Amino acid sequence: MRWRVRVGAPWRDVPPCYGTWQAVYGLFRRKQRAGVWLRLVAGLQRRADALGLIGWDVSVDATTVRAHQHAAGARRNGDAQAEPPVGEPADHAFGRSRGGWTTKLHLACEQGRKPLSMLLTAGHRGDSPQFAAVLAGIRVVGRVVGGVWHGVVARFTAFRFTVDPTPGQEVLLRRYAGASRFGYNQCLRLVKDALDAKVRGGVMKVPWTGFDLVNAFNAWKRSGDAGRVMVAAGDGTVSIEATGLVWRAEVSQQVFEEAAVDLGRALAAYTGSKAGARAGRRVGFPRFKSKKRTRLGFRVRCKTSRAGKADVRVGDNVARSVTLPGIGVLVVREDTRQLRRMLSKGRAKVLSATVGYRAGRWFVSLTCEAADLHQARQHPQPDPADAATGTTGCGWVGVDRGLSAFVVAARADGTPVLRVDDPPRPSRAGMGWQRRLARSVSRKQLGSANRRDAAARLANHHAYVRTVRQRFLHHVSNQLVKTHDRLALETLNITGMLRTHRLAAAIADAAWAELARQVTYKQAWHGGRVVLVDRWYPSTKTCSACRTITPAMPLGQRVSTCGTCGYRADRDHNAAVNLAVWAEQHHARPGTSTQGARSPTPAEGKALARAPARVKPAPTTWEPHPPPPE
């Protein structure tokens with residue numbers, strides 16, 4: 001294989017001393033399918049980056065090559081092949097161009113002529129549309145050398161801390177939050193004025209993106225429309241002098257800019273929803289933020305001065321503290337040791353700080369760009385020989401979510417893995433106290449201080465319910481992710497289920513979608529895989545022993561009994577086994593719905609619950625699958 005790559009000869013010209021060319025190509029193909037070559041390139045890049053041999057001035061170019069005549073006979077549908085390609089485009093990267101079959105190679109190299117990223121497309125594909133994809137493929141997984149991280153950051157995460165501000169700092173925080181609301185409303189007013197002028201026939205550019213909104217607000221805050229004074233001279237003449245927004249120096253200018261960026265995102269969501277290009281519910285035109293009903297909050301970016309000092313710092317003079325521009329050092333309650341260590345070793349970089357006020361407390365959330373988790377905390381990489389045959393590890397684990405049993409996990413052979421029978425159900429447990437607080441709010445006079453205090457007590461109760469639920473979900477998701485590298489989750493139509501009024505409260509209290517979100521991004525952090533099973537796959541009705549589908553199974557039937565083979569099993573356990581079987585059958589095919597983590601993700605904030613989460617391991621005995629009937 002080294003001879004063939006070095007010489008560039010066709011496979012049929014491999015010298016006989018190396019064996020038949022079919023055997024050499026077969027070995028090359030098996031290693032390619034197992035990802036051996038990609039791991040070798042990643043190891044070489046990691047070594048070069050640790051030694052500082054990579055210059056990060058990147059050049060991207062593309063070239064078109066003639067496709068081999070045998071490529072024209074390849075199957076258009078990769079799934080129909082005896083050995084479906086892994087990591088290859090569905091069209092095998094060949095198309096009609098320049099009078100024949102061609103393939104285009106897009107390559108990104110650094111100045112030392114070392115390849116960093118490569119992309120294969122059909123020959124008729126344009127260069128510009130593939131530019132972003134080539135750059136996105138540049139990723140060197142770094143390592144720690146001498147206690148310092150060498151490499152590139154690979155994920156987004158957030159660290160959330162509870163703030164204990166002084167009375168003076170709380171005044172500043174409320175001032176910044178009010179300035180953010182003011183900047184958002186003023187930018188929206190500029191947009192509406194431009195739209196009205198355009199309707200009347202005027203020629204005016206409507207600021208729509210975040211960049212245009214920032215420029216429009218900066219021009220407005222210095223104009224006479226933002227503020228002006230009348231100046232009387234000694235001779236009795238009176239002139240008008242434009243002062244602009246006189247109090248703009250009392251807050252950081254980043255607050256206004258981030259508010260304009262938020263409005264730009266809202267306008268983009270409105271445009272995409274109106275055009276049908278945005279998934280989810282219909283998004284309306286942005287509205288003005290009310291002073292009474294809008295939650296207090298603002299966001300600032302972490303800029304670096306010329307002296308190399310960041311605006312947002314953690315542990316500056318005080319270990320449990322966060323320093324924000326214009327506000328100073330804010331004391332926090334939680335320990336910041338983990339984030340301080342990551343920042344000192346170069347494993348993380350603070351991008352922005354978001355401050356919010358919820359349920360009587362101030363919080364600061366630091367959005368960071370962080371490196372991959374330590375190798376010891378990641379799942380072990382599969383063996384190349386097992387990866388080619390799909391027999392890595394202990395197999396897929398199916399995860400069934402429900403109400404009677406919150407989570408039931410099992411393998412394809414019927415081995416139980418995890419069973420959570422007693423979730424806390426915080427909403428139902430606190431419904432009596434919630435009704436009492438809600439009645440207390442409704443009995444107070446509108447606009448009174450008593451009503452405001454009663455509403456605050458109700459908000460504290462809702463915050464407590466959310467905290468208990470989040471703590472439990474993090475406990476379950478961590479237990480799933482840290483022990484299994486491949487999970488199969490069923491795709492649930494939760495929105496449709498909520499229309500069933502008898503079960504809507506229980507389904508909302510279970511928070512199945514939040515559990516799936518946490519499992520997805522945590523599994524990506526740990527180097528595992530999550531596959532989403534087809535929504536219409538009958539996992540509950542299918543017998544996990546003989547694969548017979550039962551016509552109907554009511555919710556009250558908790559034990560699944562097969563009428564064909566007589567196999568009896570718990571309803572949720574049977575569904576979990578079927579989910580694992582589905583993943584075993586589909587995980588090696590291209591186009592499988594495998595999801596990774598979303599960025600940026602919220603931090604796993606500390607939360608206290610009145611009752612500990614009751615998560616117990618699965619029992620060690622189970623009923624084995626009977627042999628299929630003859």
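Here are some notes:
- Restricting the range 156-213 to residues that are modelled with pLDDT under 90 and in contact with a Gly (Cβ under 6 Å, 6 or more places away or on another chain) leaves a set whose member that is surrounded by the fewest Cβ atoms within 10 Å (Cβ to Cβ) is Thr209.
- The residue pairs whose first member lies in the range 299-312 and is closer than 22 Å to Gly178 by Cα, whose second member is part of a loop (DSSP other than H, G, I, E, B) and open to solvent by 70 Å² or more (accessible area, probe 1.4 Å), and whose beta carbons are closer than 9 Å, counting only pairs six or more residues apart or on different chains, are Asp311/Lys303; Val312/Lys303.
- Hits in the range 532-559 - residues which are exposed (fewer than 13 other Cβ atoms within 10 Å of the Cβ) and either at pLDDT below 85 or among the aliphatic types (A, V, I, L, M) (or both): Ile549, Pro551, Ala552, Pro554, Leu555, Gly556, Gln557, Val559
- Criterion (modelled with pLDDT under 85 and not assigned by the TED database to the domain that holds Gly112) met by exactly one of Arg47, Arg12, Arg29: Arg29
- Candidates Thr209, Thr294 - the one that is among the polar types (S, T, N, Q) and over 30 Å from Ala459 (Cα atoms): Thr209
- Residue list for the range 166-199, filter: over 35 Å from the mean Cα position of the chain (by Cα) and acidic (Asp, Glu): Asp193, Asp196
- Residue check: Gly591 meets all listed conditions (1) open to solvent by 30 Å² or more (accessible area, probe 1.4 Å); (2) at pLDDT 85 or above; (3) of a type in the set (Gly, Ala, Ser) but one, namely (2).
- Enumeration of residues in the range 453-485 that are open to solvent by 50 Å² or more (accessible area, probe 1.4 Å), part of a helix (DSSP H, G or I) and over 23 Å from Thr162 (Cα atoms): Gln479
- Filter result for the condition that a residue is touching a residue at least 60 places away in the same chain (Cβ under 8 Å) and either assigned to a loop (DSSP other than H, G, I, E, B) or not assigned by the TED database to the domain that holds Leu195 (or both), over Phe288, Phe256: Phe288
- In the range 353-371 there is no residue matching the filter, namely being at pLDDT below 90, assigned to a helix (DSSP H, G or I) and open to solvent by 50 Å² or more (accessible area, probe 1.4 Å).
- Note on the range 560-575: residues that are assigned to a loop (DSSP other than H, G, I, E, B), on the phi < 0 side of the Ramachandran plot and open to solvent by 20 Å² or more (accessible area, probe 1.4 Å) total 3.
- Any strands (runs of 3 or more DSSP E) falling wholly within the range 291-339 and containing at least 1 residues that are open to solvent by 20 Å² or more (accessible area, probe 1.4 Å): 297-301, 328-331
The values are calculated or read from the model by the stated rules, or taken from the named source; none is laboratory data. Please read all numbers here as calculations on a predicted model, not as lab measurements. Please note: Cβ atoms are built from the backbone with ideal geometry, for glycine as well, and neighbour counts cover all protein chains shown. These area figures cover heavy atoms from the full protein model, side chains too; ligands, DNA and RNA do not enter into them. Shrake-Rupley method; radii C 1.70, N 1.55, O 1.52, S 1.80 Å.
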